[in-house]
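The values are calculated or read from the model by the stated rules, or taken from the named source; none is laboratory data. On a predicted model such as this, the values are computed, not experimentally measured, just so you know. Counting neighbours? That spans all protein chains shown, and the Cβs are built from the backbone with ideal geometry, glycine included.
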Amino acid sequence: MNDMSKHSKLFSEFAPLSTQEWEDKIAIDLKGADYDKKLIWKSPEGIKVNPYYRSENLKGLEFLNQHPGQFPFVRGNNSSSNNWLIRQDIDVSNFKDANTKALDIISKGITSLGFIIDANLDITERGIISLLSGIDIEKIEINFASAKNDILFEILSVKFPEAKISIDIAPLRNLNINGTFCVSTEKVFDVVESIVSRKKELPNYKLISVRADTIHNSGSNIVQELAFGLSMAVEFLVRLSDRGLAIDDIAQAMKFSFATGSNYFMEIAKLRAARLLWSKILESFGIKNSENAKMYIHSTTSSWNKTIYDPAVNMLRTTTEAMSAILGGTNSLTVEAFDTSFEKPNDFSERIARNQQLLLKEESYLDKVIDPAAGSYYIENLTAMIANKVWGLFLEVDEKGGYIQAFIDGFIQNEIKKTTDERDMRIATRREIFLGTNQYPNFNESLDSKLLNIINENKNQKPADIIAEPLHIYRGAMAFEQIRLETDKFSRNRKRPKVFMFNIGNFAMRKARAQFACNFFACAGFDVEDNNGFDSINQGLEAASKAKADIVVVCSSDEEYEKFVPEINKQMNNNAILVVAGAPICMDSLKSKGIKNFIHVKSNVLESLKYYQKELGII
């Protein structure tokens, strides 16, 4: 390399291209197709995402000139690293046993402990001291969730005033899940005020928990999770400041919990937008110390998108979710074990969940680079677009009297239901994919008998004294899991329904359509049998009869269906259900000849599979 080349810019021999030149080239390649329909992605939040972004798209974004650790904290709270706390929760029904487990997992890399205390366990000073025995509370963050927060607070504030502790005081989560408070609204905030008023004595305590993860796990989109989460936080600001507490003290006592889904880049941008909006809200409330405008975020991997069938896929989901939360600048993170949805996690699943974070920290060095998304044309624009959408919905809630009033009036629930109805339809038609559940299922999988009733558990029972409709917390895969469960139960004492691929004619088309049909019917737990292909109708019928097929799927080309299907239907004589794979151009002609069953990419897979289950007497 000569001296001249050392100082020349990379690719300097190529002239820069303008955006218009790119657009002109795209127009040629589209050959008259609609630009928006082909290249503009509309996210579930209604955000229109361009096919590409350039430096000019950063113009006008006001938050770009701040460094990490500077107001409005888009780029994170820290100025020296991207370190986060690795959290694991422990169910506490015995203080000594929980302490033993806590010490064990600390030695395996945990830096934040969550103690979920059983409602029936008596909370005593001796018990809490036993629970925290041997734990270095100067290095390990301690988080508590209890039905007896007042008793817990009194013990902790006296015995451990310097510790880094959070108490999950989340009355609005109770409203979201149960549709009611345990006491009157005023009494609820009187209790919160009495605890938060002592915050100055407890500099490292987080006492107010804003549980936006509940919104997420009800099926909301990202904009709703943020907007409603911020609305909950503002409810605390208003009601506690009206009781005489300083905005700085209230903000400093607050911790936000968000769930992280699998929309990788959107989830990174979500946390950046959350910090931006929260700092601006606190600025409008007159916060005095900008350091108190830092949003403390705990992230948890989503439960909404986890599956019971093919559960090992959950490990892949939680890995990308963990990366999104970390790259977005979360303060602490819980990676849920892959089997949490259907059983109590065991040592193996807990270890995998811990090691996912440890690998991202110790081997991938994600704690070393502060705000790695900074300067990304795409993510910076996503951050701004999410923030704008969130602000609009946040203002709607504010105009309706704040979060509690909007929830009592049903606005929050209705907005989320609009989203879940749309998402459920997208899942049913496989426009939203759950690998191993509504697409690419494990053909040979069957639920263990001990899990057969898990999907039918009612986790949303309504108390008698509700003041509002509770949120419906569920998993997106449940409807598909239910139909496969029905097939599993049916097949325990009977033959599993057999779906036979009648592959005939054009090789490429029959193979493609057979693969599609195999995946289609395997989603319901049917036994599918693929074939290389048959030279004649009689050969295929003989094989189908020998296989004792309950459903026969004809797989061929559009041109050949008109010839093959009516003859196959005639000779089958209703001995099995005949299905045509695809939506051939001769569909109307075939229907006129008595062929009524077709499966294709526009089918409602969920409803179609329920139909075939009914035809076979499964449901």
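Under the condition of being part of a loop (DSSP other than H, G, I, E, B) and surrounded by 10 or more Cβ atoms within 10 Å (Cβ to Cβ), which residue from the stretch 9-33 is modelled with the lowest pLDDT?
Quick first cut of the stretch 9-33, residues part of a loop (DSSP other than H, G, I, E, B) only: 9-18, 31-33.
Retained after the next criterion (residues that are surrounded by 10 or more Cβ atoms within 10 Å (Cβ to Cβ)): 17-18, 33.
Values: 17: 89, 18: 93, 33: 94.
The qualifying residue modelled with the lowest pLDDT is 17.
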Practice problem: With the condition kept exactly as written, say whether any residue in the stretch 419-426 is closer than 30 Å to residue 465 by Cα and without any contact (Cβ under 8 Å) to a residue 40 or more places away in the chain. | Solution: yes
Quiz item: If you check residue 61 against the conditions, is it modelled with pLDDT of 95 or more and of a type in the set (A, V, I, L, M)?
Solution: no
Quiz item: For the stretch 56-76, how many residues are touching a Lys or Arg at 6+ places or on another chain (Cβ under 8 Å) and surrounded by fewer than 17 Cβ atoms within 10 Å (Cβ to Cβ)?
Solution: 3
Practice problem: Would you kindly identify the helices (runs of 4 or more DSSP H) lying entirely within the stretch 206-319 that contain at least 1 residues that are over 18 Å from residue 415 (Cβ atoms)? | Solution: 222-242, 247-252, 264-284
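With the requirement that a residue be closer than 15 Å to residue 273 by Cβ and either outside any helix (DSSP H, G or I) or among the small types (Gly, Ala, Ser) (or both), what does the stretch 51-70 give you? Write out each step before concluding.
At the first step, the residues of the stretch 51-70 found to be closer than 15 Å to residue 273 by Cβ are 61-64, 66.
Across the stretch 51-70, the qualifying residues are 61, 66.
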Self-check item: Residue check for residue 133: closer than 25 Å to residue 282 by Cβ, hydroxyl-bearing (Ser, Thr, Tyr) and in contact (Cβ under 8 Å) with a residue 24 or more places away in the chain
Solution: no
Exercise. For residues that are under 34 Å from the mean Cα position of the chain (by Cα) and of a type in the set (Phe, Trp, Tyr), scanning just the stretch 493-543, find the one that is surrounded by the fewest Cβ atoms within 10 Å (Cβ to Cβ).
Key: 516
Quiz item: Within the bounds of the stretch 174-182, is there any residue that is surrounded by 21 or more Cβ atoms within 10 Å (Cβ to Cβ), at negative phi and in contact (Cβ under 8 Å) with a residue 24 or more places away in the chain?
Solution: yes
Quiz prompt | In the stretch 143-159, the residues that are touching a strand residue (DSSP E or B) at 6+ places or on another chain (Cβ under 6 Å) and not in a helix (DSSP H, G or I) | solution = 143, 144, 145, 146
Quiz item: For residue 134, which of the numbered conditions (1) at positive phi; (2) of a type outside the set (A, V, I, L, M, F, W, C); (3) not in a loop (DSSP other than H, G, I, E, B) fails to hold?
Solution: (3)
Quiz item: All but one of (1) touching a Leu at 6+ places or on another chain (Cβ under 8 Å); (2) part of a loop (DSSP other than H, G, I, E, B); (3) within 30 Å of residue 54 (Cα to Cα); (4) charged (D, E, K, R) hold for residue 380; which doesn't?
Solution: (2)
Exercise. Only residues in the stretch 381-399 that are under 16 Å from residue 59 (Cα atoms) count as the first member; pair them with residues that are surrounded by 18 or more Cβ atoms within 10 Å (Cβ to Cβ) and among the basic types (Lys, Arg), Cβ under 6 angstrom, at least 6 apart or cross-chain, and list the lot.
Key: 383/272
Quiz item: Scanning for something in contact with a Pro (Cβ under 9 Å, 6 or more places away or on another chain), loosely packed, with under 14 Cβ neighbours inside 10 Å, in a loop (DSSP other than H, G, I, E, B) and assigned by TED's automatic domain parsing to the domain that holds residue 503, does the stretch 594-614 turn up at least one residue?
Solution: yes
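Here's the yes/no breakdown for (1) closer than 19 Å to residue 83 by Cα; (2) buried (at least 18 other Cβ atoms within 10 Å of the Cβ):
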residue	(1), (2)
309	no, yes
314	no, yes
317	no, yes
323	yes, yes
330	yes, yes
335	yes, yes
360	yes, yes
378	no, no
Quiz prompt | Pairs where the first residue, in the stretch 321-346, is under 17 Å from residue 276 (Cβ atoms) and the second is among the small types (Gly, Ala, Ser) and outside any loop (DSSP other than H, G, I, E, B), C-beta under 6 Å, 6+ apart | solution = 325/299; 330/299
Quiz item: Restricting attention to the stretch 412-435, which residues are under 19 Å from residue 314 (Cβ atoms), β-branched (Val, Ile, Thr) and not in a helix (DSSP H, G or I)?
Solution: 433
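So which of 339, 310 is under 21 Å from the mean Cα position of the chain (by Cα) and either outside the structural domain of residue 217 (by TED's automatic domain parsing) or farther than 22 Å from residue 114 by Cα (or both)?
Values: 339 fails: either outside the structural domain of residue 217 (by TED's automatic domain parsing) or farther than 22 Å from residue 114 by Cα (or both).
None of the other options fit; the residue is 310.
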Quiz item: residue 102 fails exactly one of the following numbered conditions: (1) in a loop (DSSP other than H, G, I, E, B); (2) crowded, with 16+ Cβ neighbours inside 10 Å; (3) over 26 Å from the mean Cα position of the chain (by Cα). What is the number of that condition?
Solution: (1)
